[in-house]
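The values are calculated or read from the model by the stated rules, or taken from the named source; none is laboratory data. Because the structure is predicted, anything quoted here is derived from the model rather than measured. Cβ placement follows ideal geometry from the backbone for every residue including glycine, while neighbour counts extend to all protein chains displayed. We work out accessible area using only protein heavy atoms, side chains counted, and drop any ligands, DNA or RNA first. Shrake-Rupley method; radii C 1.70, N 1.55, O 1.52, S 1.80 Å.
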Amino acid sequence: MKTHCRLISSFLFLLPTSAFLLHSAAIAADYPDRPIRMLIPFAPGGATDIIARMIEPRMSRSLGQQIVVDNRAGAAGNIAVELTAQALPDGYTLLVGNISTNSINPILFAGRTKVNAIKDLAGVTKLVAIPNFLLGSPKMPATLKEAIEFAKARQGQLNYGAPLGSYSHLDMLAFTAKAGIKMVHIPTKGAGETLTNLLRNDSNIQISNVASNIGPVRAGQIRAYAVTGVKRIAEAPSVQTMAEAGFPGIGSDNWNGIFAPARTPKPVLVKLHATAVAAMKELEAEGVLEKRQTPISLSASPADFDAYVVSELKRWDKIIKDNNVKID
C-alpha cells in the first residue's frame, strides 16, 4: 500500500513537468501560425540590416509564415533590444543583434536600460562574423610599423574615428595602448562616416569592417595595415593579420546573431535555430555571403550561442574597465 502511495505521489509530482513538456512540444508543432516580427536595432543599409534581409525570405519560406523586418534604430541599438526583451516569449518577436547591442551595451548601459540583454534575451544562433581592417588614411605611411613610428613622433596629434562605445572604438583603445601611441577619438555615426573621414584624412588610423572598405582598399584609396581573424582573407591576401602584425588578441570580428525573449519555449528556439542555419547555408552555397564579405559563423545550438555571448561580455568588460570607458 505504501509503495502504491509513493508511486501515485511521484506521478502527481511529475505531472506539472510532463504537462509543460507536452505544452512546449505542442507549441513547437504549431509554430508559427502567424507572421513573425524581426527587429533590427539600426537603420536600413548596415551590415545587421543586410543580413536580416538576406535570411528573411528563406526563413519565411521554410517556416510557412512571413517574417516582417522592422528597423527600430536609436539609443545605440537599445530600443530594439528592449522591445524584444519585453515581448511575449512565444517566438513571434525576434531580434537580429550584434557584437555591440548584445555584448558591449549591456556593460556600457548597465542600470540605464529597462532590460538586461543577457538575462532577458535567449540566443538562437550566431549568423556571421565579419572581419575588420586596421586602416590608414592615404596620407599615412605605407606600412603599420612606419605608421606607428609616425604616430609616436606626433603623440596626441593624430585622430581615429569610431562610434562612441562601439567595438571599433574599444578595439582602437586596446590597439593604441599596445602600440604605445596616443590618438584623439572622433565620435562617428557608422562605417560610412568613418570611411569619409579617412578619405579626407580627418581620421588617420582606425578600425572598420572589411565589407564596407574592401572596395576603397583595392582601389588604393585607403591603406589596409592588418585584418582581424585567425587568417588572412582571400580578398586581400597581402594584408597581414593582427597577430602577424604583432598585436595578437586585439581586434574583433563584427558578429551578428538572432535572439528571442527569454523564456521562449526551447522547442521553438530549436526550430528557429534549424531554420536560420539552413537559410545561412543556402546563402553560403549560392556565394552570396562571399560576395558581400560576410563569412558565415553558426552556433551549434541556442545554448552554444548563449555561452558565446557571455564569453564576449566578459572580454569586453575587461577592455572597458581597463580603459575606463563611460557613456555620459
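Take segment 32-53 and flag every residue that is within 18 Å of Gly91 (Cβ to Cβ) and among the aliphatic types (A, V, I, L, M).
Keep residues of segment 32-53 that are within 18 Å of Gly91 (Cβ to Cβ), which gives 32-40, 52.
Those that are within 18 Å of Gly91 (Cβ to Cβ) and among the aliphatic types (A, V, I, L, M): Ile36, Met38, Leu39, Ile40, Ala52.
Within segment 54-65, being surrounded by fewer than 15 Cβ atoms within 10 Å (Cβ to Cβ) and either farther than 11 Å from Ala279 by Cα or touching a residue at least 24 places away in the same chain (Cβ under 8 Å) (or both) holds for one residue alone: Gly64. Within segment 176-200, residues that are in contact (Cβ under 8 Å) with a residue 24 or more places away in the chain and closer than 22 Å to Thr48 by Cα sit with their Cβ atoms under 6 Å from residues that are open to solvent by 10 Å² or more (accessible area, probe 1.4 Å) and in a helix (DSSP H, G or I), at 6+ positions apart or across chains, in these pairs: Ala191/Ser212. Residues in segment 263-306 that are within 18 Å of Thr93 (Cβ to Cβ) and either modelled with pLDDT under 95 or among the small types (Gly, Ala, Ser) (or both): Ala276 alone. Just so you know, in segment 195-231 the residues that are among the β-branched types (Val, Ile, Thr) and assigned to a loop (DSSP other than H, G, I, E, B) include one that is surrounded by the fewest Cβ atoms within 10 Å (Cβ to Cβ), and it is Val230.
For segment 240-328, which helices (runs of 4 or more DSSP H) that fit wholly inside it have 2 or more residues that are of a type outside the set (Lys, Arg) and closer than 16 Å to Ile207 by Cβ?
Numbers: elements: 266-285, 288-291, 302-322.
Hits in segment 240-328: 302-322.
Restricting the first member to segment 120-145 and to residues that are free of Cβ contacts under 8 Å to residues at least 24 places away in the same chain, and the second to residues that are among the small types (Gly, Ala, Ser), the beta-carbon pairs closer than 8 Å and six or more apart or on different chains are Pro141/Ala147. Cβ separations smaller than 8 Å between residues 6+ apart or across chains give the following pairs from segment 266-290 residues that are hydroxyl-bearing (Ser, Thr, Tyr) to residues that are open to solvent by less than 70 Å² (accessible area, probe 1.4 Å): Thr275/Met59; Thr275/Leu63.
Candidates are the residues of segment 32-52 that are open to solvent by 10 Å² or more (accessible area, probe 1.4 Å) and modelled with pLDDT of 95 or more; the one that is nearest to Gly165 (Cα to Cα) is Arg37. Filter segment 232-257 for residues that are surrounded by 15 or more Cβ atoms within 10 Å (Cβ to Cβ) and among the hydrophobic types (A, V, I, L, M, F, W, C) and give the result. Correct list: Ile233, Ala236, Val239, Met242, Ala243, Ala245, Phe247, Ile250, Trp255.
With Ala151, Ala76, Ala80, Ala142 as the choices, which residue is over 28 Å from Ile258 (Cα atoms) and assigned to a helix (DSSP H, G or I)?
Checking each option against the conditions leaves just Ala151.
Looking at Leu170, Leu127, can you tell me which residue is open to solvent by less than 10 Å² (accessible area, probe 1.4 Å), under 16 Å from the mean Cα position of the chain (by Cα) and modelled with pLDDT of 95 or more?
On the way: Leu170 fails: modelled with pLDDT of 95 or more.
When all the criteria are applied, what remains is Leu127.
Taking Gly215 as the residue in question, decide whether it is at pLDDT below 85 and of a type outside the set (S, T, N, Q).
Details: at pLDDT below 85: no; of a type outside the set (S, T, N, Q): yes.
For Gly215, the condition - at pLDDT below 85 and of a type outside the set (S, T, N, Q) - is not met.
Inside segment 247-263, residues that are closer than 22 Å to Lys178 by Cβ and in contact with a Ser or Thr (Cβ under 8 Å, 6 or more places away or on another chain) make up a count of 3.
State yes or no: is Ala191 of a type in the set (A, V, I, L, M) and either open to solvent by less than 30 Å² (accessible area, probe 1.4 Å) or within 27 Å of Ile320 (Cβ to Cβ) (or both)? Walk me through how you get there before you give the answer.
On the way: of a type in the set (A, V, I, L, M): yes; either open to solvent by less than 30 Å² (accessible area, probe 1.4 Å) or within 27 Å of Ile320 (Cβ to Cβ) (or both): yes.
Answer is yes for this residue.
Checked against the criterion of being among the basic types (Lys, Arg), at pLDDT 95 or above and touching a strand residue (DSSP E or B) at 6+ places or on another chain (Cβ under 8 Å), the candidates Arg223, Arg232 yield just one match: Arg223.
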